[in-house]
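The values are calculated or read from the model by the stated rules, or taken from the named source; none is laboratory data. The structure presented is a predicted model; accordingly, all values stated were derived computationally and were not measured. Methodologically, a virtual Cβ is constructed for each residue, glycine included, from the backbone with ideal geometry; neighbour enumeration extends over all protein chains shown.
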């Protein structure tokens, strides 16, 4: 360490010194994070030389640079750690959980010192003796004949470059091209004054083949290339650049407007190029602010390990979608909430290994982190397979602490009870641990997430585990979207909600009406339609003869949005709407289109709710309407017309129909002498109407036409021979003859049609259980 | 000692208004606007202010004045807010006027309470009255805070 100078002397030398220290601090923090990550990985895969090298390099760099800057304590501690690691490198020491813990606590000590340097400029008087002791104990305890303090390997101390690429000697040893002791001898000669390069000495002494040296040098330079691929940029600078690009876009737009009156082809093509380049520049700058969520997640395995070791649990962490990108500001904002959640899951969620084994679970608990884009939002799900949340305990505690009255608590639904977990000051942990359970945490999580406009939802099954869902808006995120025009305005629809596009030509082709609600038959299923112009109260453009349907997914439902025009797909930058517009639920934000105009982004879920496509009470409403339909006779109604047997023309109110399906005859199975079919995870009984009503001439066809009738969550399939039509008219029911299963007859579409009494039919078929409470 | 303050002034129908200069980010002429379906009536739309999306509030609507005659394009007074700028649509922009605190008076009690909310006070200028706009109220939209 001849080059090491005291820090103050360097600091005085020039202002640039601050930069060097800042750089060192940032690098050290990154290095320590990498150290943690790779050490944990190494614990799982102890044979990985690569991981071991990476861990070693991280500590070595801190020691080296710290030495240059004169941070003695940093050097002392990292030196002991390095010694332990080099013993692991030469194979005389195997990584055990104790060693890992000692090394991790060393990393923490280094972190503390680095923080102290960042805060005060000096190493401060952080107490770190315990750490060195622990490491020394590891060193001495492991080997029967402990060397005095293993002297630092000269090969590994000479570099002053902060981004240390692996040394040639290391590369050669790792690749088993050269024996470690020969490299050491060569390095010693270098130290003694040999001016030649290490490779030259090695070749000269015949320790290694010249080709091997060349190969080693190549590996080294590759590494240097990787190191120089990234640079650090201040976010404020990025923001500034982004604003400038915004201005450039406007200027570009003005230039493009001029091109309309210009005929100079040179100018036109230049303007065109300017247009393209600006667009790309804009996109590029936007993307610089995006970071994968993995950046935050990477710290979590360490936290989980520390905690699970601390409380004697075993927890496996799994991550999915770590490359899901989020805006940097959001990444920052969710860091702490995520840590809280993870702590809670390990501390309260996952049980002790013995408890797990006793209830037949794997001894090792599972913690799964999932992130994905959906509906213009980023979803983060954290699930564990632990004990779940004891709602009755939550209830008791909430009552005891006076959050709710006992009376109120009794009336609360399971879901409401679960949400008590977010109330400040509530924890069901029987023991307050040093990690969590002090009643702060989940409420902080909720407030922090809500602060950035997100939502938290908790689901828990006793004994099975807990699932925490976080939804965060994509503020500033870039998403692919479909641009549509309706009522003369452009709207962006997030691509994630988009299923398909349907275009029907001709007058209202294929669009039918169910009691005022338009539907479209999409491959045999009824797709409810929502008219964008009507829902958004936009001026109608008049029918152009064809209908554009954007099929969207909202929650577990699909619906078709009818728009005037479908334009194009584009990558859009989501910008939030001001708080004045929070009351408008059907927009998720706004974006600036390529031409500088502002377009609103549709919130598909909000729109679906507004148009009542999504409605929890839908099933209920359906059955209510069914009873109503049974009572009134001459009300205008939508009817499903079908044929059974040869000439049987029948109708049932469409409101009773949940779906129209086609099943191949081969899918029919039998249960208790009845034909059944597997439908949506249920066993659905089938009733062949022709048979049941005594019509002759039912054709045995390969494909069954089935009218699915649902009530109280159960379905019955009515097999008909042909679906004729759906019609909307007032049918006056006339009783001509008493037939139990026929309500009467009516004239529909100028023809006499039997009206089927479905409840009566089901009763006759001993299927009225389907009617449930209805009857 | 006279305390003076500078007001950025504008016209709305026959009223002469002022906003503290330090609250105004900029004044720009008519910008193309994107209407927001289903939004409260006072919100005229969104404008693109150099890459930033800004909500525009029609002050005529906000103050329950008559609608702006067709063909007359409003101007934007962009005011600074903690949560981003908001544009106020006005008929015409006036000068930046220096007023003396002595000439300030509270709005008369006879002013309808609903309108009074928008006017913090009156500066008595030589030839006319300059109304000081309550910006806080001017940018708030009924029902928007419910969430």
Problem set entry | Residue under evaluation residue A:565, criteria (1) more than 14 Å from every other protein chain (Cβ to nearest Cβ); (2) in contact (Cβ under 8 Å) with a residue 40 or more places away in the chain; (3) surrounded by 14 or more Cβ atoms within 10 Å (Cβ to Cβ), criterion not met | (3)
Exercise. Restricting attention to segment B:115-143, and to residues there that are within 18 Å of residue B:13 (Cα to Cα) and loosely packed, with under 12 Cβ neighbours inside 10 Å, which single residue is nearest to the chain's Cα centre (by Cα)?
Worked result: B:128
Exercise. Residue B:81: assigned to a strand (DSSP E or B) and modelled with pLDDT under 90, yes or no?
Worked result: no
Exercise. Does segment A:292-303 contain at least one residue that is crowded, with 16+ Cβ neighbours inside 10 Å, assigned to a strand (DSSP E or B) and more than 14 Å from chain B (Cβ to nearest Cβ)?
Worked result: yes
For this session: Take segment B:30-46 and flag every residue that is in contact (Cβ under 8 Å) with a residue 40 or more places away in the chain and either within 7 Å of another protein chain (Cβ to nearest Cβ) or part of a loop (DSSP other than H, G, I, E, B) (or both).
Result: B:30, B:31, B:40, B:42, B:43
For this session: Being within 7 Å of chain B (Cβ to nearest Cβ) and in contact with a helix residue (DSSP H, G or I) (Cβ under 6 Å, 6 or more places away or on another chain) is the filter here, so list the residues in segment A:572-603 that pass it.
Result: A:586, A:596
Exercise. Looking at B:73, B:111, B:132, B:88, which is the one that is at pLDDT 90 or above and part of a loop (DSSP other than H, G, I, E, B)?
Worked result: B:73
For this session: Could you name every one of the strands (runs of 3 or more DSSP E) located completely within segment A:523-590 that has at least 1 residues being at pLDDT below 90 and under 30 Å from residue A:707 (Cα atoms)?
Result: A:525-531, A:547-554, A:557-563
Seminar exercise, completed: Within segment A:511-539, of all residues that are without any contact (Cβ under 8 Å) to a residue 12 or more places away in the chain and within 14 Å of another protein chain (Cβ to nearest Cβ), the one surrounded by the most Cβ atoms within 10 Å (Cβ to Cβ) is A:534
For this session: Name, by its number, the condition in (1) in a strand (DSSP E or B); (2) within 14 Å of another protein chain (Cβ to nearest Cβ) that does not hold for residue B:18.
Result: (2)
Exercise. Only one residue in B:124, B:128 is free of Cβ contacts under 8 Å to residues at least 40 places away in the same chain and in contact with a strand residue (DSSP E or B) (Cβ under 9 Å, 6 or more places away or on another chain). Which one?
Worked result: B:124
Exercise. Taking segment B:1-21 only, how many residues are touching a strand residue (DSSP E or B) at 6+ places or on another chain (Cβ under 8 Å) and either at pLDDT 90 or above or under 19 Å from residue B:63 (Cα atoms) (or both)?
Worked result: 14
Exercise. Yes or no: residue A:41 part of a helix (DSSP H, G or I) and modelled with pLDDT of 80 or more?
Worked result: yes
Exercise. Only one of (1) more than 14 Å from every other protein chain (Cβ to nearest Cβ); (2) more than 24 Å from residue A:539 (Cβ to Cβ) is not met by residue B:74, so which one is it?
Worked result: (2)
For this session: Consider residue A:380 carefully, then state whether it is under 29 Å from the mean Cα position of the chain (by Cα), outside the structural domain of residue A:572 (by TED's automatic domain parsing), closer than 30 Å to residue A:480 by Cβ and at pLDDT below 75.
Result: no
Problem set entry | Conditions (1) in contact with a helix residue (DSSP H, G or I) (Cβ under 9 Å, 6 or more places away or on another chain); (2) more than 14 Å from chain A (Cβ to nearest Cβ); (3) in a strand (DSSP E or B); number of the one not met by residue B:66 | (3)
